[in-house]
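Quick note: the coordinates plus some simple rules give every number you see, no bench work behind them. It should be emphasised that the depicted structure is a prediction, and the values quoted were computed from it without experimental measurement. Glycine also receives a Cβ, built like all others from the backbone with ideal geometry; neighbour counts cover every protein chain displayed.
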Amino acid sequence: MILYEANGPTISTVSARNGRLFARCVAIHWSLRISLFITCYNDVLFPKTGQAVVTVLERLGHTVEFRPTQTCCGQMHYNSGYHMDALPLMEKFLEDFHDAEVICIPSASCVSTIRDHYPVMAEKSGSKDLIRQVNEILPRVFEFSELLIDKLGVEDTGAYFPHVVTLHCSCHSLRSLGVGDKPERLLRNVKGLTFVPLEDYDQCCGFGGTFAVKNAEVSSAMAADKVKCILNTKAEVCAALDNSCLMQIGGTLGRDHAVTCTMHLAEILASTQSANGGTLA
Amino acid sequence: MSIRVGEAAEAPSFAVASKELLKNDQLRRNVRNATGIIRGKRANVVGETPDWQQLRDAGHAIKEHTLRHLGDYLARFEENCIRAGGKVHWARDADEANAISIELIHRYTPDGKRAEVIKVKSMTTDEIGMNKALVTAGITPYETDLADLIVQLGDDKPSHIVVPALHRNRMEIRELFMRTMKLDELGTSPEDIAGAARVYLREKFLRVPIAISGANFAVAETGSVCVVESEGNGRMCVSLPRVLISVVGIEKIIPTFQDLEVFLQLLSRSATGERMNPYNSIWTGVVPGDGPREFHVILLDNGRTKVLADSASSETLDCIRCGACLNACPVYRQTGGHAYGSIYAGPIGAILTPQLQSMEHSTSLPYASSLCGACYEVCPVKINIPEILIHLREKIVDGQDHHGGMGTDFAEKAGMKVAAWAMSDAANLSTVRAAGRLAQIPFARNGVIHSLPGMLGQWTNTRDMPAIPAESFRQWWARRRQNVVPGGTK
Amino acid sequence: MISDSTARADILLKIRLAAGSHSDALETEYAALPRTYRQQGTSDRAAVLTMFTNRLRDYDAGVYRCNAAEIAETVAAAMDARGKTSLLRTGKLPQEWLPAKFRFFASDVRNANPSRDDLAWFAEVDQSEGVITGCFAAVAFTGTIILRHEDGNGSRALTLIPDYHLCVVLADQIVETVPEGLARLKGFETMPITTISGPSATADIEMTRVKGVHGPRFLDVIIVG
């Protein structure tokens, strides 16, 4: 990857390698100011993911901002039926990011809450102003892999990660966002990385928010199935777009003393030869 | 009023029931094997249908349109059915539908003969607990669908909408048939077992003069009723007896005969993974010289108008009972259908049962889902089941149901309140995080928590939990800003 | 109880309260429903016939192809292959379809004699070796035969109780898609209709498809043309 810092537009030569298909394309884009919505659980439990997002986006020549007033999209409250508590969190998100140019969210399920449920909540509130605000912000909201491929046109992020990696496709990324093979394309372009597909990749890991606690036994049985498929791949790392799934999968792997670990996609893409030499999480 | 869904009101909660079922390895293997096969077949035949999404769109639109004009379409159906020689009855609830059926059966049973009926597989008659009511009234019902027969002979409960005995494997069924049909020997192949059912039931088909059916579709334009099936037991029941009684949920109405072109395609591919199920029977009233001489339709409400009244979830009534959501559901595939405590299992059961009967009987069902969306993806009429599950959770939290006994437990409510406060302001979030750091000290080892008390212990029973790291993202960001040049890029 | 008219009024009132009343808009709304799915096939005749044949074979039905002059000998071949010596037939089945070396009994008895006891007739049909009928239409995409129960298609019991069904399908009765098949029924919607896609089957035991439960366990189809 070659980056030319021009006065305005950044010209990047991107090599896109998708399976057997080799293609080169030249993309011309403006250096963007990208606002990171880290999400509450990444902030508190998985700060490394946020750091990785910043690393990748800056490496691609963009400016990252972090608005410190941000907290939570309201997903847990909404999905659990506490809609009166979710509403102020939606309002807060809309307020915090109302003038953001591009919003990057390293969590498919939070993006899904914003895309699928904010319109419903706004509609139910009856407030025309809220409906307008939601409509205005939605085109600027991107999940991390969507941002890279759809907005920035990048498949090769210049990462180096010499390990065997499999990918768990989180339910929200697959069925709500419809990311398709975007995360896989990003992984296959990482130098040194060996990608192994996951059997039953579209099956839920069993996290499901409060489901994991309310129906802990069923949730654990689902996780056990998922982990069995992951261990069958012999991968060193299981990646995903959602740390919530990875907490479920990683927690089960850890309890089984498995050597396979979990990493958010951003953490793999952040890894370069010069930075950390592609060490495991 | 007695709105009930089978015996769901007496069933234990999903969490309690599923815990027991998860211990039954044989059952889980049977369920997993069966759902895996149907899923594969469905994927094949859906894949070869180029206009599948357009069919789904049409199916959803027709159903939603019908619900919007349900009163008009029901009146049309009634008028056209009567014109063709049928008789139409209306039942507000389970008891009324059963009472009408019993009265009709007694009326048409020849004097001095034992009252008997043959039955086509019907979720609706299961919903109203018809068999129990018939037996109480001295009437013997014979289930004729192979799976329903297995359930009936085994005094078992159905565990799937389309394949009610999917939790039983062939050896269990063989043993059951040998015992209840008093057979000295019976082969072990599925053909042998099906053959035993053929012999057992044929005598009844050719003799019993009254049949009970449900309906997959009732056509307003013509007054026709359609039953979709595979074995031929449906054809036997709707065309051989002198009297046919069809119990039809009011949501089974479709506007026109042409609309069948959409639903027949959607239903078979979704339900059994076949291009078309072996048999569809469509009949209208009474035809001289062919089929029953008396035809009665019982239009059943049993809570459906209540579902219709809530616009946020009324699309539940679009359901054509294909069972695809059960096969796709990773929760159902772990537990099987009995965990749902209702004849309607799986994702559709989790939204239908609590809406039909008063919610206090089934507050656990809307939570029996990880909201993975696999059900919505396969639903042939595009019912947004995850969204409706969330809506029902909201109703439970708000305690909107008038019957009381609602609401979630105190610990959850308190937790949600704390979380809401924490998220209302970044400073609060930092405070709660700091408190969490302190609280985890006794439990965290090398960044991992192996055991926690209380509700979170449900997590750590089987899974590790990451400890809260020393530095949050926002702390890292603040520290970093002090060390880098403005503008962000290094 | 049965004459309880308040139930009807109650239910319709509840529906009106729940869904509102917009009768005026019913027809225009219905006409505007999205029907972007395939309403007509695009394959040529040969492809449609091949598709129909393949679908039937998928269902384990026996399939024969012949031209119009060869129907009787193909019927004979099918019966020979199944070891049949006689079949029931519908009243209006063309005589020239029936090979002389076998016996065929017209058996739509109730049409001819409405007072006759059904049960005795059922028992008679049950003792038969099988039944031969024509059909009303057929759909290639799903391998479906559509029977409209009268005349050459027989009554419902006649094609149901026997263990063997031999069905003669004329090429111009075969359409490609389900909408085209049902459209052929226009004007006859209120006659009893049965669609048959292969022999009766069940997958209730371990999801293993078992051919033949209560309906005919053996289905042969002769495609003419």
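Some points to look at:
- Between C:ARG55, C:ARG103, C:ARG209, the residue with the greatest mean-square fluctuation in the GNM of chain C (Cα pairs under 10 Å linked by springs) is C:ARG209.
- Counting Cβ atoms of other protein chains within 10 Å of each residue's Cβ and taking the mean over peptide C:30-40 gives 6.
- Candidate aspartates and glutamates - alpha carbon under 12 Å from B:LYS204, same-chain residues fewer than 8 apart omitted: B:GLU116, B:GLU143
- Centroid-to-centroid separation of the stretch A:134-163 and the stretch B:175-249 [C-alpha atoms, Å]: 56
- Phi angles of the stretch B:221-237 translate, via the Karplus equation with coefficients 6.51, -1.76, 1.60 and θ = phi - 60°, into HN-Hα couplings of 4, 10, x, 7, 10, 10, 10, 10, 7, 10, 8, x, 5, x, 4, 4, 5 Hz per residue; Gly and Pro are given as x.
- Electrostatic tally near B:GLU274: other residues with Cβ closer than 15 Å to its Cβ, Lys and Arg +1, Asp and Glu -1, net +3.
- Residue by residue, the stretch A:94-110 carries 3J(HN,Hα) couplings of 4, 5, 4, 10, 4, 10, 6, 6, 9, 10, 9, 10, x, 7, 5, 5, 5 Hz when phi is fed to the Karplus relation 6.51 cos²θ - 1.76 cosθ + 1.60 (θ = phi - 60°); x denotes Gly or Pro.
- Less than 5 angstrom separates the built amide H of C:THR144 from those of C:VAL139, all sequence-distant by 5 or more or on a different chain.
- For C:LYS92, a cut-off of 13 angstrom between C-alpha atoms picks up these aspartates and glutamates, skipping any fewer than 8 places away in its own chain: C:ASP108, C:GLU150, C:ASP151.
- Here the stretch B:172-325 carries DSSP beta bridges of which approximately 45% are antiparallel, counting only pairs with both residues inside.
- Going by neighbour counts of Cβ atoms within 10 Å, the residues A:VAL259, A:VAL102, B:VAL117, A:VAL111 line up, fewest first, as A:VAL259, A:VAL102, B:VAL117, A:VAL111.
- Counting, for every residue in A:162-171, the Cβ atoms of other protein chains within 10 Å of its Cβ and taking the mean gives 1.
- Beta bridges per DSSP with both ends in the protein assembly as shown, % antiparallel, nearest 5: 35
- Look at the stretch C:167-178: the mean tally of other chain Cβ atoms within 10 Å of its residues' Cβ atoms is 1.
- Local net charge near A:PHE144, Cβ-Cβ under 12 Å (Lys/Arg +1, Asp/Glu -1): -3
- Using a cutoff of 8 angstrom between alpha carbon atoms and counting only pairs six or more residues apart, the relative contact order for the stretch B:1-100 works out to 43 percent.
- Amide H contacts under 5 Å for B:LEU166, placed H, 5+ residues apart: B:SER159, B:HIS160
- Protection-proxy order for peptides C:24-30, B:202-208, B:339-345, B:56-62, each taking the mean of Cβ atoms within 10 Å per residue, highest first: B:339-345, B:56-62, B:202-208, C:24-30
- Neighbourhood charge, 10 Å Cβ-Cβ cut-off, centred on B:CYS322 and excluding it, Lys, Arg +1 and Asp, Glu -1: +3
- Between A:ARG115 and B:ALA411, the modelled labels are 3.5 nm apart [label points 7 Å from Cα along Cα→Cβ].
- Mean-position separation - Cα centroids, the stretch C:157-209 and the stretch B:1-61, in angstrom: 27
- Length gained on full extension, B:THR256 to B:ARG83, computed as 0.36 nm times the residue gap minus the Cα-Cα distance: 60.6 nm.
- In sequence order, calculated HN-Hα J values of the stretch B:102-110 (Karplus, 6.51, -1.76, 1.60; Hz; x Gly/Pro): 4, 4, 5, 4, 5, 4, 8, 7, x
- As a proxy for reagent exposure, B:PHE14, B:PHE295 were ordered by neighbouring Cβ count within 10 angstrom, fewest first; the result is B:PHE295, B:PHE14.
- Chain C: Rg to Rh, with Rh as the Kirkwood radius over Cα pairs: 1.08
- Computed magnitude of the charge dipole of the protein assembly as shown (debye, nearest 20; Cβ of K, R +1, Cβ of D, E -1): 1660
- Fraction of beta bridges assigned by DSSP in the stretch B:8-304 that are antiparallel (%, nearest 5): 30
- Order by protection proxy (mean Cβ within 10 Å, highest first), peptides B:134-144, B:232-242: B:232-242, B:134-144
- Between the alpha-carbon centres of the stretch A:173-225 and the stretch C:47-88 there is a gap of 50 Å.
- Residues whose placed amide H lies under 5 Å from that of A:THR262, excluding near-sequence neighbours: A:CYS238
- Ranked by the mean number of other Cβ atoms within 10 Å per residue, highest first, peptides B:42-54, A:81-93 order as A:81-93, B:42-54.
- Among the listed pairs B:LYS119/B:LYS182; B:LYS41/B:LYS382; A:LYS214/B:LYS417; B:LYS87/B:LYS121; B:LYS119/B:LYS157; B:LYS23/B:LYS417, those beyond 25 Å (Cα-Cα): B:LYS23/B:LYS417
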